[in-house]
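The next block holds one structure in the form of structure tokens; read it before the comments.
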Amino acid sequence: MSTLEFNQLLVNNAEFLKPFAITLTKDSEAAKDLFQETLYRALANKEKFNVGTNIKAWLYTMMRNIFINNYRRRVKQNTIFDNTANEFLLNLNQGAVANAAESNLRIKDIQLAVHNLPEIFRNPFLLYFDGFKYHEIADMLQEPLGTIKSRIHFARKLLKAQIEKQ
């Protein structure tokens with residue numbers, strides 16, 4: 001296949017790549033870059049294209065592979081190496097420090113909200129929170145299984161509403 005024929009085939013079949021690039025990247029500028037990189041690689045590797053095969057599938061596979069390789073490259077760039085004697089692998093995203101005082105206050109708020117639940121909701125919820133299964137709670141409280149499930153569900157909704165107010 002001559003270069004002119006390949007170029008014409010490429011131009012005629014390249015438009016379907018644009019929506020696929022947007023689907024992959026979720027960003028129009030990144031999609032344009034990916035589209036351009038795919039066409040460049042197709043032109044650079046035209047001798048690898050087998051005449052008679054599906055050019056759309058070839059381009060689609062090429063674009064997907066470029067996207068995956070770029071993604072992997074970005075992930076590796078977010079990880080740094082510490083050259084100390086132990087050679088620890090550090091991740092840049094681990095910069096947060098826990099605030100124990102704030103956590104303790106939050107736990108007290110949650111415990112108070114659970115304590116303020118009506119008893120009909122509090123008992124099944126606390127049993128469920130302690131690790132019991134729905135059917136075990138139903139047997140212990142001698143209530144139907146559906147009733148226990150709905151009471152636990154409503155307890156969660158009430159707790160969520162109380163905690164969001166604070």
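None of the figures in this text is laboratory data; all of them are computed from the coordinates on show. Small disclaimer: the values here were computed from a predicted structure and weren't measured. Because the Cβ atoms are built from the backbone with ideal geometry, glycine has one as well, and the counts that use them run over all protein chains shown.
Taking 21 Å as the limit for the C-alpha separation, the pairs LYS26/LYS48; LYS26/LYS46; LYS26/LYS160; LYS108/LYS160; LYS48/LYS76 exceed it in the case of LYS26/LYS48; LYS26/LYS46; LYS26/LYS160; LYS48/LYS76.
Take every pair of alpha-carbon atoms less than 8 Å apart whose residues are at least six positions apart; their mean separation over the length of segment 3-81 yields a relative contact order of 32 percent. Label reach from ARG106 (point 7 Å along Cα→C-beta): in segment 135-166, amide nitrogens under 14 Å belong to 163-164, 166.
Take the Cα of HIS115, step 7 Å toward its Cβ, do the same at LYS18, and the gap between the two points is 6.4 nm.
For ASN116, neighbours were defined as the other residues whose beta-carbon sits under 15 Å from its Cβ, and their charges (Lys and Arg +1, Asp and Glu -1) total +3.
Label separation (MET140 vs ASN69): 5.8 nm, computed from points 7 Å beyond Cα along the C-beta direction.
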